[in-house]
Structure formats: structure tokens, C-alpha cells
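Notes for the one structure printed next.
The values are calculated or read from the model by the stated rules, or taken from the named source; none is laboratory data. All figures in this text were calculated on a predicted structure; none of them were measured in a lab. Quick reminder, even Gly has a Cβ in these numbers, built from the backbone with ideal geometry, and neighbours come from all protein chains shown. Just the protein is used for accessible areas: all its heavy atoms, side chains included, with ligands, DNA and RNA removed. Shrake-Rupley method; radii C 1.70, N 1.55, O 1.52, S 1.80 Å.
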Amino acid sequence: MADHYDVVIVGAGHGGAQAAIALRQAKFEGTIAMIGDEPELPYERPPLSKEYFSGEKTFDRITIRPAAFWDERRIAMLLSRRVATVDADAHSLTLEDGSTIGYGKLIWATGGSPRRMVCSGHDLKGVHTVRTRADADRMLSELDGTSRAVVIGGGYIGLEAAAVLTKFGKHVTVLEALDRVLARVAGEPLSRFYEAEHRAHGVEVRLGAKVDCIVEQDGKVAGVQLHDGEVLPCEMVIVGIGIIPAVEPLIAAGAKGGNGVTVDAQCRTSLPDVFAIGDCAAHDNDFAEGAHIRLESVQNANDQATVAAKTIVGEEVRYHAVPWFWSNQYDLRLQTVGLSIGFDQCVTRGDIAARSFSIVYLKGGKVIALDCVNATKDYVQGRALVIGGLAIAPEKLADASVPLKELAATA
Ligand SMILES: Cc1cc2nc3c(=O)[nH]c(=O)nc-3n(C[C@H](O)[C@H](O)[C@H](O)COP(=O)(O)OP(=O)(O)OC[C@H]3O[C@@H](n4cnc5c(N)ncnc54)[C@H](O)[C@@H]3O)c2cc1C
């Protein structure tokens with residue numbers, strides 16, 4: 001007979017781990033299994049392009065909980081196993097090894113796989129994406145033979161990796177197809193600041209750069225060729241151009257969705273007893289005027305996991321969490337609260353040259369997000385402005401001598 005669990009969680013990452021934790025915290029007494037295709041127990045993914053890649057943290061320090069924690073809470077960990085299909089009517093799923101597992105409730109927490117280049121050479125040895133510990137370990141094992149690296153994509157992961165590589169003394173080129181780095185997630189002042197920081201640390205930042213192909217020599221990467229024919233010689237390529245949500249089995253089973261599986265405010269998919277959380281879940285976000293989006297952040301994965309777990313135990317909850325995010329590059333700690341999508345005004349608060357400032361984003365006169373660089377006080381106090389959607393005059397926001405909490409109190 002097939003194994004059966006009251007709750008099966010697919011994906012042993014941030015969302016999956018938190019779902020199991022939250023179920024037990026909510027006194028759920030049924031059986032729980034977590035199925036993950038990586039060999040490791042759940043670990044933190046952000047350090048893969050930061051402290052783990054740089055060697056500041058060993059793997060032990062980035063595991064979400066020690067092995068004993070999962071045993072004590074009776075969470076069956078089915079690792080190195082991948083779910084291939086879901087049968088929503090039968091409440092069962094099939095693994096790639098052919099075995100079948102039945103579920104009472106299913107929590108889909110599969111994240112996404114890195115988008116790959118489609119040009120020739122994209123799969124050469126020396127070309128990397130950064131999503132798993134195995135990815136980071138592969139890059140680390142090739143560092144000795146690398147003096148020049150090309151990072152394709154000027155988003156957070158690419159820029160973080162570039163910062164670490166410069167620390168290792170590598171010559172780094174960042175290729176960004178758009179006219180500024182971080183263009184999809186931040187306003188222009190922040191983009192220009194990070195561009196300047198990377199240049200100051202010796203990174204060659206190429207904007208409007210279009211990759212033609214990845215050049216091979218002796219079976220491994222030897223360079224990146226641009227559209228105009230120029231070849232940038234290198235021994236390592238890191239591709240950081242986003243992810244594709246891992247939802248095929250659910251969509252094939254009939255769940256609504258496309259770019260992510262569609263969930264409601266309780267993280268329920270359109271399939272009975274099937275929830276989805278984290279990077280793979282497309283939801284109507286209260287902090288984006290209800291826009292149907294996916295968020296790729298630890299905060300979102302954790303908060304949606306908690307909502308799904310509480311819903312399963314019968315609590316009445318809805319997902320309404322203010323988004324937050326961080327990025328570490330060099331000695332710069334960026335903390336973001338809210339979503340700046342669709343802003344119509346942005347105000348710089350503090351002194352960019354002093355490397356401690358915030359960018360406040362407004363829409364229709366109301367504060368919708370802040371990007372705070374080495375400015376934790378603004379980040380902490382700015383949350384209230386975002387949560388309240390407070391209307392504050394730009395000139396007041398620009399005056400860094402007045403704490404944001406005072407502005408919040410008088411708004
Ligand atoms: C390098 C890097 C840096 C980041 N930095 C930050 C940061 O600074 N701040 C921040 O907030 N966020 C950051 N993120 C994003 C954050 O890590 C993700 O948003 C978060 O991990 C999402 O959690 P999740 O549970 O949805 O997916 P994941 O943590 O990716 O977990 C999904 C798991 O499911 C597995 N899986 C997929 N399909 C199947 C299947 N069919 N069967 C079994 N298992 C499957 C995957 O292999 C994976 O192990 C970063 C991500 C990366 C890769």
C-alpha cells in the first residue's frame with residue numbers, strides 16, 4: 001500500500017520548512033512529510049550569493065534547523081526525491097522513482113529553477129546559476145582556476161556574486177541588458193548608486209549589453225561574446241537572470257496558473273486541499289494594489305507558509321504581510337520594505353555620498369516602499385509609513401534630520 005500522510009509538503013526550502021514548523025506550532029498532531037529534491041535538510045538560500053559563497057559562513061551555520069528538530073517534531077524528511085505528478089482527485093502524488101504517496105492536504109513549496117541562457121555555450125563547464133548549495137559549491141570548486149568572471153544579469157544575485165568575486169581578487173564584468181542595474185526592482189538613484197559602488201570596487205559594469213553566445217575552448221567556457229562581436233575572455237560565467245517557478249506538475253494536474261500557480265488569500269490553489277506558497281505562488285498582493293504577482297523573498301515564503309498552516313488547522317487568516325527584503329554587497333546593507341512597483345515619485349533621504357541613505361517611493365502622494373542603504377533606522381521606522389500608506393510631503397521625507405517615526409506620528 002502507498003504511504004499516506006495527513007500533510008505532504010513538496011519542497012524542503014524556506015517555505016516548506018516554515019510550513020512544517022508552523023503546523024506543529026499550531027498544535028497540528030497529524031502526520032507530516034516533506035519531500036525535497038535536494039540532498040540537504042532545509043537551509044537558508046540567501047547566503048549562497050553572500051556569506052556562504054564568500055566563506056564567512058559554513059554550511060552548518062545556514063541550516064534552518066538542526067536534524068534533531070525535525071525528528072522531535074515527527075516531520076518525515078524524504079530528501080533527494082522529486083515529485084513528478086500530482087493526481088488531485090486521488091489526493092496522491094508520484095515521485096520520479098515511481099513510488100506513490102497519498103496526502104490529506106498538499107502544500108506546494110517548490111520555488112523555481114534558474115532561468116538559463118538559450119544561446120550556444122549556455123551549458124558549458126564553467127557556466128553557473130546560483131540556486132542551490134550544489135551550485136555554490138561548484139562555483140567555489142572552480143575559483144582557483146578563475147581569474148576573470150563574467151556575470152550575466154545585474155539583479156541582486158548577480159551583483160552580490162560580483163561583490164564576493166572581487167573580494168577574492170577576481171576581475172569581474174557585469175553584463176546588464178537594460179540601461180541600469182536593478183532596473184526591475186529599484187528606482188534610478190539606487191541603480192546608479194550600486195553601479196558606482198561596483199565600479200569603485202573594480203567591477204566592469206556594461207549596460208545595454210546583449211550576449212550573443214558563450215565561447216568554448218577545450219570543452220569549457222573561454223569567454224562571452226557580445227552582439228557587436230567583442231569577446232570578453234573569462235574562465236567563469238554566472239547567469240543571474242531570474243527564475244522559472246517550478247509548477248509544472250500542479251499545472252498539469254489542472255491547477256490554475258501560468259507564471260506561478262494561482263492562490264487565494266489563504267494560499268489555496270484551485271485544486272481541492274492543495275496549497276501553494278513562496279516563490280512559486282502567484283497571489284493578489286495588498287501592497288501592490290491587489291496586483292497578481294509572485295514575490296521571491298524569504299519573508300513571503302515564511303509568511304505564506306504560516307497562512308497555509310493556520311488555514312489547515314482551521315484558523316481564519318489571510319495573507320496581508322508587508323513585503324521586506326535585503327541584500328548585502330561589500331559593506332553595504334540594503335533593506336527594503338514595501339513594493340516600489342508603479343511608483344510615480346521617489347525621494348532621496350540622506351546623503352548618497354556618505355553611503356547611508358534611503359530612497360522613499362511614493363504613488364499618488366502616498367508612501368509605498370523604502371530602499372534603505374546602511375540606514376536601518378529608516379527601514380524600521382519606515383514600515384509604518386508603508387503599512388499605513390501615509391501621505392507625506394516629499395520635502396519632509398527628504399529631510400533626514402527628522403526621524404520617520406515623527407513624520408508618521410504627524411501624518
Ligand atoms: C542566491 C540567492 C540569494 C537570495 N537572497 C535573498 C535575500 O537576500 N533576501 C530574500 O528575502 N530572499 C533572497 N533570495 C530568495 C529566497 O531565497 C527565496 O525567495 C526563498 O528561498 C523562497 O522559498 P521557497 O520555499 O519558495 O523556495 P526554495 O527555498 O527555493 O525551496 C524550494 C525547494 O523545492 C525543491 N523542489 C522543486 N521542485 C521539486 C519537486 N518537484 N519535488 C521535490 N522538490 C522540489 C527545490 O529544489 C528547493 O529545494 C535569494 C535566493 C537565492 C537563490
Would the stretch 376-383 turn up any residue that is among the aromatic types (Phe, Trp, Tyr), outside any strand (DSSP E or B) and over 30 Å from Gly11 (Cα atoms)?
yes
From the list Val151, Val118, which one is buried (at least 16 other Cβ atoms within 10 Å of the Cβ), more than 12 Å from the ligand (Cβ to nearest atom) and farther than 21 Å from Asp37 by Cβ?
Val151
Test for Leu23: is it over 30 Å from Leu140 (Cα atoms) and in contact with a helix residue (DSSP H, G or I) (Cβ under 8 Å, 6 or more places away or on another chain)
yes
Hey, can you tell me all the residues within the stretch 15-39 that are open to solvent by 30 Å² or more (accessible area, probe 1.4 Å) and near the ligand (Cβ under 9 Å from one of its atoms)?
Gln18, Asp37, Glu38
Inside the stretch 40-55, the number of residues satisfying the requirement of being crowded, with 24+ Cβ neighbours inside 10 Å and either part of a helix (DSSP H, G or I) or among the acidic types (Asp, Glu) (or both) is 2
Consider the stretch 67-86. How many of its residues are farther than 21 Å from Cys280 by Cα and either open to solvent by less than 20 Å² (accessible area, probe 1.4 Å) or without any contact (Cβ under 8 Å) to a residue 24 or more places away in the chain (or both)?
6
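For residues that are under 27 Å from the mean Cα position of the chain (by Cα) and open to solvent by less than 20 Å² (accessible area, probe 1.4 Å), scanning just the stretch 87-113, find the one that is nearest to the ligand (Cβ to nearest atom). Talk me through it step by step, then tell me what you get.
Kept after step one, since they are under 27 Å from the mean Cα position of the chain (by Cα), are these residues of the stretch 87-113: 93, 95-96, 105-113.
Filter once more, so that each one left must be open to solvent by less than 20 Å² (accessible area, probe 1.4 Å): 93, 95, 106-109, 111-112.
Numbers: Leu93: 9, Leu95: 8, Leu106: 12, Ile107: 10, Trp108: 9, Ala109: 4, Gly111: 2, Gly112: 7 Å.
Top of the filtered list is Gly111.
Restricted to the stretch 197-238, and to residues that are touching a helix residue (DSSP H, G or I) at 6+ places or on another chain (Cβ under 8 Å) and assigned to a strand (DSSP E or B), which residue is nearest to Gly126 (Cα to Cα)?
Step one: list which residues in the stretch 197-238 are touching a helix residue (DSSP H, G or I) at 6+ places or on another chain (Cβ under 8 Å), which gives 198, 201-203, 205, 207, 235-236, 238.
The next check asks that each one be assigned to a strand (DSSP E or B); those that pass are 205, 207, 236, 238.
On the way: Val205: 20, Leu207: 23, Met236: 5, Ile238: 8 Å.
Among those residues, the one meeting the criterion is Met236.
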Kindly provide the set of residues from the stretch 264-287 that are more than 12 Å from the ligand (Cβ to nearest atom) and assigned to a loop (DSSP other than H, G, I, E, B), ordered by number.
Asp264, Ala265, Gln266, Thr269, Ser270, Leu271, Pro272, Asp273
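Listed residues Glu216, Glu230, Glu197, Glu204; which is touching a residue at least 40 places away in the same chain (Cβ under 8 Å), more than 16 Å from the ligand (Cβ to nearest atom) and open to solvent by 50 Å² or more (accessible area, probe 1.4 Å)? Before you say what the answer is, go through the steps one by one.
Working: Glu230 fails: touching a residue at least 40 places away in the same chain (Cβ under 8 Å); Glu197 fails: open to solvent by 50 Å² or more (accessible area, probe 1.4 Å); Glu204 fails: touching a residue at least 40 places away in the same chain (Cβ under 8 Å).
Glu216 is the lone residue from the list that is touching a residue at least 40 places away in the same chain (Cβ under 8 Å), more than 16 Å from the ligand (Cβ to nearest atom) and open to solvent by 50 Å² or more (accessible area, probe 1.4 Å).
Would you tally the residues in the stretch 338-359 being aromatic (Phe, Trp, Tyr) and either surrounded by fewer than 21 Cβ atoms within 10 Å (Cβ to Cβ) or within 22 Å of Gly290 (Cβ to Cβ) (or both)?
Final tally of qualifying residues: 1.
Among the candidates Val164, Val172, which residue alone is open to solvent by less than 30 Å² (accessible area, probe 1.4 Å), more than 25 Å from Asn259 (Cα to Cα) and in a helix (DSSP H, G or I)?
On the way: Val172 fails: in a helix (DSSP H, G or I).
None of the other options fit; the residue is Val164.
Tell me the residue from Ile312, Ile251 that is within 14 Å of the ligand (Cβ to nearest atom), open to solvent by 10 Å² or more (accessible area, probe 1.4 Å) and modelled with pLDDT of 95 or more, please. Explain how you work it out, then say what you get.
Values: Ile312 fails: within 14 Å of the ligand (Cβ to nearest atom).
The unique qualifying residue is Ile251.
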When Val224 is evaluated against the numbered criteria (1) buried (at least 17 other Cβ atoms within 10 Å of the Cβ); (2) under 22 Å from the mean Cα position of the chain (by Cα); (3) among the β-branched types (Val, Ile, Thr), which criterion, by number, is the only one it fails?
(2)
If a residue must be open to solvent by 60 Å² or more (accessible area, probe 1.4 Å) and either of a type in the set (Val, Ile, Thr) or in a helix (DSSP H, G or I) (or both), how many such residues does the stretch 392-407 contain?
4
